[in-house]
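Quick notes on the structure that follows.
The values are calculated or read from the model by the stated rules, or taken from the named source; none is laboratory data. Being a predicted model, the structure only gives us computed values, none of them experimental. Note: ideal-geometry Cβ built from the backbone for every residue, glycine included; neighbour counts use all protein chains shown. All accessible areas refer to the heavy atoms of the entire protein, side chains included, with ligands and DNA or RNA removed. Shrake-Rupley method; radii C 1.70, N 1.55, O 1.52, S 1.80 Å.
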Amino acid sequence: MSKQINVALIGNPNTGKTSVFNALTGLNQKVGNYPGITVEKKEGICKLPRGVKAHIIDLPGTYSLNASSLDENVVIELLLNKNDKDYPDLAVVVSDVENLKRNLLLFTQIKDLKIPTILVINMSDRMAYKGISLDIDYLEQELKTKIALISTRKNKGINELKELITHYKELSTEPCLDASSIDESYFENLRKAFPNQLLYKLWLVITQDVNFGKTDRKTYDAVEDFKTKSKTDLKRLQQKETIKRYQFINETLKKGQTIDLNSAKDLRIKLDRILTHKVWGYLIFGAILLTIFQAIYDWSSIPMDFIDSSFASLSEWTKNTLPEGAFTNLLAEGIISGLGGIVIFIPQIAFLFLFISILEESGYMSRVVFLMDRIMRRFGLSGKSVVPLISGTACAIPAIMATRNIESWKERLITILVTPFTTCSARLPVYLIIIALVIPEGRILGLSYQALTLMLLYLIGFGAAVGSAWILNKILKIKSKSFFVVEMPNYKLPLFKNVALTVLEKTKAFVFGAGKIILAISIVLWFLASYGPGDNFNNADTIVTEQYASENLTEDELHQKIESHKLEHSFIGIAGHAIEPAIRPLGYDWKIGIAIVSSFAAREVFVGTLATIYSVGSDEEETIKNRMAGEVNPILGGPLFNFASGISLLLFYAFAMQCMSTLAVVKKETNSWKWPMYQLVIMSGFAYIVALVAYQVLK
Amino acid sequence: MTLAELKRGQQGIITDVSSVHIPLKLLEMGCLPGNLVELVQVAPFADPMYLNINGTHLAIRKETAIHIIIETAHE
Ligand SMILES: Nc1nc2c(ncn2[C@@H]2O[C@H](COP(=O)(O)OP(=O)(O)OP(=O)(O)O)[C@@H](O)[C@H]2O)c(=O)[nH]1
Ligand SMILES: [Mg+2]
């Protein structure tokens, strides 16, 4: 077997690189009809004929080799660094048949780097619809390459592509055109100064914006001395180069491509007339959001009730079947109830992912960017910030990574800082259970109060994000050019497979990610709740029996009293009582306090923590919701979860920064601990104050 | 006239782009002299503008559009 071939998938955003990647490797990377879905390098292996293996690298989309945002920079870095272990032996440029002209610009640039290059023309299924026909032989000859006309949607041409990859050594590495003719003498001097270097590579290094890139500069330091031209001169030259490339492309396509406009149909115009309309556009956007919330509530209640009661009986069954003892208790009380607190939310979270994925796959997301840009700009954000803010409703982590296609650093930083305010799916379990406890059932205009409350919470999260963006915009003194271009892709019927895979993968990640944390925390909490120091815990039996000796308690009642005495004096009880003074003004008891503290690992732990604490020392089969409803406020009497404390909790969770993984990703994206620490302190402090005020006003 | 003055549904030919104010990326997306541009849709206050430049559909802000000089077909 020969060595693996490194194959890089390069192309404009949204041309189907990731779809090709998935087709070649059999993996399931995320695909979506929005430019900028892939923001980092992804790798996979493709088995080629005759036992050859190719190492396939999926890259973020880029319009050219002149990077203007962080995700594009990944591509340039790879192509300029011959020592990179992923430096491609073969570049596969993926293009969209409907945008061939623009896609070829990048292709001609890659050719200048003298890397063997295959041109993939994807989405061939759209050709008839658009009245496009191509003269492949002519194009291959003019572009000095091999072309694979494929459709990943219809699974056509993939084998031919694999065949071409296998024979990559036969590809010509000759450039399509001579870019150096834009300024003969300048390039002649360059050539003389660096006789062993590739001219176009030098040119790229000279013109790259220094703001980006940690491209291995050492090799090129010498070039610095060669910046004999001013910035504007260089830019003018780049413009000249672009025009020259387009001239060549236009010439080539004039013969190689025919478009019969009569047979072309365009759904886009009709749809956009309504969907991006000044009035209808916003109304429809609002209606879509409203439908999503109603659906999350109405459609998922049946599977949820089922899951809830199943877990309660599973826990009960475990207790009755396994031999009595500490391990059984841990399993039944800690682990099963903890996991139940997560599994129950699968239906709702799956629905949320489903809707987001449909919005992305249909092409609607870019329209939202268009509609919202002006409004967002007032707050120091970009229209593109809407995408992280919307996908942040699933999870803040991918949302923060999705900011990489925002060109302006200031807008991007602000977006990163405020995204954690959006209501992510981890908050959903907390919201749902508390809403169910404290908001009455009933409907207004066909919408349930509970669904409306949920929607309000999402709006509060969004409002907090936008409001703090506005403040940050005023106080952050960062100079960065604000500039905005967004491509408006064609509408596409969401591909069932893509949507289903996204929902499945995301839900799985949610359950397993949260599951692991919950498992660990449940076990720790259970131990802390089941054991305690000193007399008060170990002699609980005698102490309680003596205390209630005068009252005629039944066996059961006495047992109950003993168990709760034990809990109060267990390790967790002691810790809880220690923090109680801080949270009592918010209307919580020590058990909620513990749940809040453990939520700093991940918010979704809240319900599981309460489930674990409550279940220690109670033998009844009870759903977690009923158990919470039965809790009594130790001081005031009455239900612990009442309107005032419920609202206070909701608001606390709306604002507090309680997710370690998000903090880690913010650190990674901003390259400093400063920003995540600000987030932690300011958001949580604000949450505390708001919750305090809410409880004191409402109680 | 500049691109920012174009009416919805109107077409024009780009005659000049100020290379100081227009980012290279936009040029590379096809916003070059000689190309046909159509204003497909505008958001409230005509900002941003949804354009069709030579078959590429994209949206840019008004502050960028004022640096693109065009000629309408009927001038
Ligand atoms: N009609 C059609 N649509 C396709 C085809 N291949 C991909 N798509 C769609 O094109 C869109 C973009 O696909 P992706 O694979 O995410 O494109 P990408 O180039 O990786 O995009 P970025 O990562 O954002 O740069 C998705 O909506 C796909 O479903 C095809 O052969 N035909
Ligand atoms: Mg991709």
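Some values worked out for this structure:
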{"read-out": "Qualifying residue in region A:379-401 (condition: within 22 Å of A:ASN498 (Cα to Cα) and among the basic types (Lys, Arg))", "value": "no"}
{"read-out": "Whichever residue in region A:197-240 is under 38 Å from the mean Cα position of the chain (by Cα) and of a type in the set (A, V, I, L, M) and, among such residues, is modelled with the lowest pLDDT", "value": "A:VAL210"}
{"read-out": "Residues of region A:459-509 satisfying the condition of being surrounded by fewer than 19 Cβ atoms within 10 Å (Cβ to Cβ), within 30 Å of A:ILE439 (Cβ to Cβ) and touching a helix residue (DSSP H, G or I) at 6+ places or on another chain (Cβ under 7 Å)", "value": "A:ILE460"}
{"read-out": "Candidate set from region A:267-305 (those that are among the aromatic types (Phe, Trp, Tyr) and assigned to a helix (DSSP H, G or I)); member that is nearest to A:LEU454 (Cα to Cα)", "value": "A:PHE293"}
{"read-out": "Top-ranked residue of region A:146-204 - restricted to ones that are more than 28 Å from A:VAL120 (Cβ to Cβ) and of a type in the set (Ser, Thr, Tyr), ranked as most open to solvent (accessible area, probe 1.4 Å)", "value": "A:SER185"}
{"read-out": "Subset tally (residues that are more than 14 Å from A:VAL93 (Cβ to Cβ) and near ligand 2 (Cβ under 8 Å from one of its atoms)) for region A:20-31", "value": "3"}
{"read-out": "All helices (runs of 4 or more DSSP H) inside region A:318-435 with 1 or more residues being free of Cβ contacts under 8 Å to residues at least 40 places away in the same chain, touching a Gly at 6+ places or on another chain (Cβ under 6 Å) and not β-branched (Val, Ile, Thr)", "value": "A:364-378, A:396-401"}
{"read-out": "Condition check for A:GLY16: within 14 Å of chain B (Cβ to nearest Cβ) and within 9 Å of ligand 2 (Cβ to nearest atom)", "value": "no"}
{"read-out": "Residue within region A:70-80 that is among the aliphatic types (A, V, I, L, M), within 14 Å of chain B (Cβ to nearest Cβ), open to solvent by 10 Å² or more (accessible area, probe 1.4 Å) and under 18 Å from A:ARG404 (Cβ atoms) present", "value": "yes"}
{"read-out": "Number of positions in region B:33-49 that are facing another protein chain (nearest Cβ under 7 Å) and either surrounded by 23 or more Cβ atoms within 10 Å (Cβ to Cβ) or in a helix (DSSP H, G or I) (or both)", "value": "5"}
{"read-out": "Region A:244-266, residues that are loosely packed, with under 15 Cβ neighbours inside 10 Å, part of a helix (DSSP H, G or I) and within 13 Å of chain B (Cβ to nearest Cβ)", "value": "A:GLN247, A:ASN250, A:LEU261"}
{"read-out": "Residue ID - nearest to B:GLU71 (Cα to Cα), chosen from residues in region B:7-32 that are of a type in the set (Ser, Thr, Tyr) and more than 9 Å from chain A (Cβ to nearest Cβ)", "value": "B:THR15"}
{"read-out": "Single unsatisfied condition, B:HIS57 versus (1) open to solvent by less than 30 Å² (accessible area, probe 1.4 Å); (2) in a strand (DSSP E or B); (3) touching a strand residue (DSSP E or B) at 6+ places or on another chain (Cβ under 6 Å)", "value": "(3)"}
